Protein chains: 2
Amino acid sequence: MSSNSKAPNRVSATALNAFSKALFVAKGVSPEHAQTMANALTWADLRGVDTHGISRVPMYFRLLDSKEMNASPKLKVLQETLALTVLEADRSAGPIAMQEASDIAMKKAKSTGIGLVMVRNTTHTASLGIYSEKVAQAGMACIALAASRPNMGYYGAKAAGVSTAPFSMSVPGPKGQAIVLDMACGIVSLGKLQQLRARNEPLEPGWALDAEGNETIDPQKALIPLPLGGPKGSGLSLMFELMASLPVLNPLIGHFFSDKEDAQRHCQNAWIIAIDIAQVCPQASFQDEMENTIKALKALPVDEKVGTSVLMPGERGYIERLKREKDGVPIPAKMQATLIELAEKFKVPSPF
Amino acid sequence: MSSNSKAPNRVSATALNAFSKALFVAKGVSPEHAQTMANALTWADLRGVDTHGISRVPMYFRLLDSKEMNASPKLKVLQETLALTVLEADRSAGPIAMQEASDIAMKKAKSTGIGLVMVRNTTHTASLGIYSEKVAQAGMACIALAASRPNMGYYGAKAAGVSTAPFSMSVPGPKGQAIVLDMACGIVSLGKLQQLRARNEPLEPGWALDAEGNETIDPQKALIPLPLGGPKGSGLSLMFELMASLPVLNPLIGHFFSDKEDAQRHCQNAWIIAIDIAQVCPQASFQDEMENTIKALKALPVDEKVGTSVLMPGERGYIERLKREKDGVPIPAKMQATLIELAEKFKVPSPF
């Protein structure tokens, strides 16, 4: 076995959180913002979404270097109606804007039943599940989505046309937990393609295109993930762009394909909707029905090819979280080396 | 060639609309409601969604006979906040409730920016695209979804656990047209399985389960469509149930698996959200960005395996509509015979 396949080092989430916060502070981010960014990464690391955890620090550093991400953003409400807010994110890291946006959406929902915040001009949104879980844990339902620049095939075209766009829905679940669906519109993620490339494992047919826009199963050539269900996945992603980017006049697809100098810049827009279901029905009745529904689904015959029990949306991540809170987060050797390098460069104590 | 494969009769949409309206009236529905129901079927027939057009009349008749569908429903607002309404549909045909719900959602959105109507206790919702297109043509963005009883596999289980749940998103498009995504959460529709059964054509692997919950490609055994993208499709469908059915205390999954006498009853719940984007940006600017985005995507290299041009969500249906408005709607011989039988039974002039 190669050295790559040895069991990765496990580090406590608390240590990773403090480490990534310290790195962001060393890079010029305020302690408060650095904490919010670190919390978003830790949330993903604990739930096993390794592509959105501390592994993102080098990408955030690159975006801060190129000024695509603003180290000291000033968030600003651009427009406001009774139930809708447009929040200018000033190129902040996604978590900073989404944290603020989810708070505003819940406040609006408390007052009118439903609140929508359109987040304009943010950067890497991180896992949408963080924010939709937070809304659900506060007793509300949530719908969140984000638009990004093209990196996924568009059905009917032999090229990237839309993004792998994330989408999340959540509701309050039993015992204060939330039921959180957190998905993207691609049939596979970019992270998965990178993983297969590193391991030189072939793709399944229909997963990705090469640079020329032809379908390939060669992991060294696969570049562009294909959309989930053809026109469904690419249609969803396009609708997110048309809804989240156009009304705030910050188009990502149109801009990407323009001849503007910064056409390739990293930029995102997002929506978060909170619905105060407590205004519609008593929480206890909702939870009774929730428990009945979960019980009915968990009583179905299990597909042993998939697992040992029927899981609810987000439950796999929840189980992983319990495990990782106890055992720590596995950090692959290569990523650890990159992070140690950053720690040395920025004179931040490393947890490794 | 068998007689089944001869070109079907084509009938004008206007004649089909008048015919289905007359049938509903003969069955005891008020002329106003019958018109709304007929319009929903015609919308689908024109766009080539043949499973949701006049072919549904026999199903609606069965539901009226069994009283699962109410021929003279009294719609009632159960709850109301500034931006949210719960509409009791009194087992009305879906189009009657959704028509009313989309009007209320738009009125709410005009006043607060975003409006949500939770439709409780409706029956077959028909194509969600009808209502989301209407909202978009009025200059607003729309999100609509419906919950129904289990008829699709739930990821990780060897049985139907959730429904093929429809979902629609729309925005105002160029020249008064709307961009309408109208999809369901299954990898194939129940209609498609029926079609393959009739033609005795094998399925593709991963499309459906048989009655025992095992994957099959045998069209005579395939019963339960599998979800789009495994946990993504079944997770989406479950979230629709948790959001649309539980807060209005009309659970469909929990009820279906209960030992109640009417556990198998047909019943649906739905959501329609309207967002008044005109309160956020000038319509002309939105349309400029829309045209740029469409132009960019249509300039991508075409995948000739799919078609001769890159299409926007809903565009295939729009093109079909233009064709069918001119040439009429094709009516397969078997369906025509069924409809003629109904016409004779209810003494309604038939257009065939």
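Couple of notes before you dig in:
- For the residues B:G235, B:G229, the requirement of being facing chain A (nearest Cβ under 8 Å) and more than 19 Å from A:A136 (Cβ to Cβ) singles out B:G229.
- Taking the criterion of being buried (at least 18 other Cβ atoms within 10 Å of the Cβ) and within 20 Å of A:V49 (Cα to Cα), the only residue of region A:337-350 that qualifies is A:L339.
- Hits in region A:185-205 (condition: more than 8 Å from every other protein chain (Cβ to nearest Cβ) and in a loop (DSSP other than H, G, I, E, B)): A:C185, A:V188, A:S189, A:N200, A:E201, A:P202, A:L203, A:E204, A:P205
- Restricting attention to region B:79-127, the residues that are in contact (Cβ under 8 Å) with a residue 24 or more places away in the chain, among the acidic types (D, E) and part of a helix (DSSP H, G or I) add up to 1.
- When region A:26-76 is filtered for residues that are part of a helix (DSSP H, G or I), of a type in the set (K, R) and under 19 Å from A:L339 (Cβ atoms), the ones remaining, listed by number, are A:R56, A:R62.
- If the condition is being more than 25 Å from A:C142 (Cα to Cα) and either assigned to a strand (DSSP E or B) or without any contact (Cβ under 8 Å) to a residue 60 or more places away in the chain (or both), then region B:143-184 contributes B:A157, B:K158, B:A160, B:K175, B:G176, B:A178.
- B:I319 vs. criteria assigned to a helix (DSSP H, G or I) and assigned by TED's automatic domain parsing to the domain that holds B:V25: yes
- Any hit, region B:185-196, residues being crowded, with 23+ Cβ neighbours inside 10 Å and of a type outside the set (V, I, T): yes
- Candidates are the residues of region A:128-143 that are within 12 Å of chain B (Cβ to nearest Cβ) and crowded, with 24+ Cβ neighbours inside 10 Å; the one that is nearest to the chain's Cα centre (by Cα) is A:G129.
For (1) more than 13 Å from the chain's Cα centre (by Cα); (2) closer than 15 Å to B:L128 by Cβ, each residue gets a yes or a no:
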| site | (1), (2) |
| --- | --- |
| B:V49 | no, yes |
| B:M69 | yes, no |
| B:M98 | no, yes |
| B:S102 | yes, yes |
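- Residues of region A:165-184 that are under 16 Å from the mean Cα position of the chain (by Cα), more than 7 Å from every other protein chain (Cβ to nearest Cβ) and either over 22 Å from B:P231 (Cα atoms) or surrounded by 24 or more Cβ atoms within 10 Å (Cβ to Cβ) (or both): A:A165, A:P166, A:S168, A:S170, A:V180, A:D182, A:A184.
- With respect to the stated conditions, A:T81 is hydroxyl-bearing (S, T, Y), closer than 30 Å to A:S111 by Cα and out of contact with any Phe, Trp or Tyr (no Cβ under 7 Å at 6 or more places or on another chain).
- Inter-residue pairs, beta-carbon under 7 Å, first touching a residue at least 60 places away in the same chain (Cβ under 8 Å) and in region A:251-266, second among the acidic types (D, E) and in a helix (DSSP H, G or I), 6+ apart: A:L252/A:E241; A:I253/A:E241
- For beta carbons closer than 7 Å, sequence separation of 6+ or different chains, a first residue in region B:288-303 that is without any contact (Cβ under 8 Å) to a residue 12 or more places away in the chain and a second that is among the charged types (D, E, K, R), the qualifying pairs are B:T293/A:E241; B:P301/A:K158; B:D303/A:K158.
- Subset tally (residues that are outside any loop (DSSP other than H, G, I, E, B) and within 30 Å of B:A165 (Cα to Cα)) for region A:216-233: 6
- Scanning region B:272-293 for residues that are buried (at least 20 other Cβ atoms within 10 Å of the Cβ) and more than 9 Å from chain A (Cβ to nearest Cβ) yields B:I272, B:A274.
- Region B:322-352: number of residues that are assigned to a helix (DSSP H, G or I) and either within 24 Å of B:V171 (Cβ to Cβ) or not polar (S, T, N, Q) (or both): 17
- Long-range neighbours under 8 Å by Cβ, at least six apart or interchain, first residue in contact (Cβ under 8 Å) with a residue 60 or more places away in the chain and away from chain B (no Cβ under 14 Å) within region A:306-333, second buried (at least 21 other Cβ atoms within 10 Å of the Cβ) and of a type in the set (G, A, S): A:V329/A:G53
- Number of positions in region A:234-277 that are assigned to a helix (DSSP H, G or I) and within 17 Å of the chain's Cα centre (by Cα): 5
The values are calculated or read from the model by the stated rules, or taken from the named source; none is laboratory data. Values in this document were obtained by computation on a predicted structure and should not be read as measured data. Backbone-built Cβ (ideal geometry, glycine too); neighbour counts: all protein chains shown.
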